[in-house]
Amino acid sequence: MTTAPVHLPARAGSAWLERTQFWGSVSIVIMWLAVLFVGVWGSDIVGNDGTRVPSVIVVALFASIATVAVARRAFARD
């Protein structure tokens, strides 16, 4: 007696949840929303001599580096 392989149907609504492009896009959008919120409500970095630098500059630098890393991973061709 032989058995046939069982193929379970894929869930109809979950195909987009398994896409790396979707989650890569979501994470990039959230990173830049964080930059926006820090730019609007964030404080300044104050040096010893009274120099003031907006903290959004540092956050945007790291967000741009992270955007490149996430984009390379999420949108890479297989």
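Coordinate-derived values only; no laboratory data. Computed from a prediction, not measured in an experiment: that's the story for all the values here. Using ideal geometry, Cβ is built from the backbone for each residue, glycine included, and neighbour counts are taken over all protein chains shown.
Observations, loosely collected:
- Sequence of Thr20, Thr67 once ranked by neighbouring C-beta atoms within 10 Å, starting from the fewest: Thr20, Thr67
- Relative contact order [Cα under 8 Å, 6+ residues apart], region 17-74, whole percent: 41
- Full-stretch length increase - Ser25, Thr51 - with 0.36 nm per residue and alpha-carbon distance subtracted: 5.7 nm
- Extension gain, Ser43 to Val58, is 4.2 nm, computed as 0.36 nm per intervening residue step minus the present C-alpha separation.
- Scanning residues 5 or more positions from Ile45 or on other chains, those with amide H under 5 Å from its amide H are Val53, Ser55, with H placed 1.01 Å from N in the peptide plane.
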